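Some notes on the structure that comes next.
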There are 2 protein chains.
Amino acid sequence: MKFCPQCGNKTVSLIPEGDNRVRDVCDSCDLIHYQNPRIIAGCIPVWEDKVLLCQRAIHPQKGFWTLPAGFMELAETTEQAAIRETLEEAEALVQTEELYAVFNLPHINQVYMMYRSVLLKPEFSSGIESLDVRLFAEHEIPWGDLAFETMRLSLEYYFQDRKAGTFKFRSTDINKPLLQ
Amino acid sequence: MKFCPQCGNKTVSLIPEGDNRVRDVCDSCDLIHYQNPRIIAGCIPVWEDKVLLCQRAIHPQKGFWTLPAGFMELAETTEQAAIRETLEEAEALVQTEELYAVFNLPHINQVYMMYRSVLLKPEFSSGIESLDVRLFAEHEIPWGDLAFETMRLSLEYYFQDRKAGTFKFRSTDINKPLLQ
């Protein structure tokens, strides 16, 4: 940040009184501009024994496969964000079952929140951010062509737990993603 | 937002091409400035059968009691944020046990993430944002003087589950907080 979003004057980087971190502070109106990590909400959409994946039409990781997910917007819940992203990227209607996995990615200031969910009907198509959308059985998952480590782990957890017959909530820190 | 944080020129509110929401867009450099909900991370710090609460020295809800919690910073995990906030507000060292409760507050664009945790030793004192810090047994909790609905629910869940002998992860949406 170089300029104050409120008054347009220059900002300076300093540690405000009573704080212990460097912030962008307006030289003119004294406003402190905090920056915080962002939430990415998504779904593991299931139909019978298959999981719905989207092939990314946009960067980063264009051409690679992902579970539907995206940045949470203002005025929505994480669950609403996950449902909306699935509608936008896969044009699919889901009902969420539970918050299933949280991933912290501190090196890129992101927190993922993934919901187990069921497709309301086996209908879907490519949203504007997807090249293709398909249902995959476990043995068909394109493990070598997944877009993000968070998606690989979400799918691994899901299939592990399904085999075990019980789903348990997961919280995982990823400091250096293998796929990026 | 009125001015572009990157170039200092005026921003306009419009729906960018390919988007479906109004954003602040720079009239000069075309940068789109997204705004997203923020995460508040905190702890339920326990010593023997007691829970540590802080009396707030700052607004909002000055004078009311809260579990230690605060805005997650860049480059940290939710767990690290929860531990740091407990150190800052209660000058207490904790070890987290698990992510226990997530609260969505879409009307104020916040997501709370609360960790069950244990105090490493029964030592604590008031950080700069606290008037007082104390351990409370269940029957001593100041239910009528709690600062936030998220804290009332966190404590209710905790004592319910402790009585039942098993802790289960909770995810709750709060649309209209009773205490605010």
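When residue B:16 is represented by a point 7 angstrom out along its Cα-to-C-beta vector, the spacings to that point in the other copies are 2.7 nm, nearest first. Just B:22, B:102, B:51 to compare: in a GNM of chain B, with alpha carbon springs under 10 Å, which one fluctuates most? Judging by the Gaussian network model, the answer is B:22.
Less than 13 Å Cβ to Cβ from residue A:131, Lys/Arg counted +1 and Asp/Glu -1: what total charge do the surrounding residues give? Walk me through the numbers before you get to the answer.
Numbers: positive: A:56, A:62, A:134; negative: A:89, A:129, A:132, A:145.
So the environment of residue A:131 carries a net charge of -1.
Sequence-ordered 3J(HN,Hα) estimates for segment B:29-46 from the Karplus curve with 6.51, -1.76 and 1.60 and θ = phi - 60° stand at 9, 6, 4, 9, 9, 7, 10, 9, x, 10, 9, 10, 10, x, 10, 10, x, 10 Hz, glycine and proline given as x. Distances between placed amide hydrogens fall under 5 Å for residue B:91 paired with B:125, B:127, all partners being 5 or more residues away or on another chain. Residues whose amide H comes within less than 5 Å of that of residue B:170, counting only those at least five positions distant or on another chain, are B:101, B:102 (H built at 1.01 Å from N in the peptide plane). Candidate cross-link partners of residue B:168 among the lysines, defined by an alpha-carbon separation under 20 Å and a same-chain spacing of 8 or more, comprise A:168, B:50. Helix B:149-164 and the longest principal axis of the Cα set of chain B meet at an angle near 40°. Charge tally for residue B:62 (other residues, Cβ to Cβ under 14 Å; Lys, Arg +1; Asp, Glu -1): -3.
The order of B:53, A:52, B:120, going from fewest to most other C-beta atoms within 10 Å of their C-beta, is B:120, A:52, B:53. Of all the options A:140, A:85, A:17, the one that moves most in a Gaussian network model of chain A with Cα springs shorter than 10 angstrom is A:17. Between 0 and 90 degrees, the angle of helix A:78-90 with respect to the longest Cα principal axis of chain A falls at about 60 degrees. Build a GNM of chain B with springs between Cα atoms under 10 Å apart, and of B:165, B:18, B:63 the one that fluctuates most is B:18. Taking a ≥ b ≥ c as the square roots of the eigenvalues of the Cα gyration tensor of the protein assembly as shown, is the shape rounded (a/c under 1.5), prolate (a/b larger than b/c) or oblate? Because a/c hits 1.5 or more and a/b fails to exceed b/c, the protein assembly as shown counts as oblate.
Please say if segment B:38-173 is rounded, prolate or oblate, where rounded means a/c under 1.5 for a ≥ b ≥ c the square roots of the C-alpha gyration tensor eigenvalues, and otherwise the choice is prolate for a/b larger than b/c and oblate otherwise? Rounded, because the longest to shortest axis ratio a/c is under 1.5.
Only the coordinates and a few stated rules stand behind these numbers; no lab work does. What you see is a predicted model; the values in this text were computed from it and never measured. All Cβ positions, even for glycine, are placed from backbone atoms using ideal geometry, and neighbour counts span all protein chains on display.
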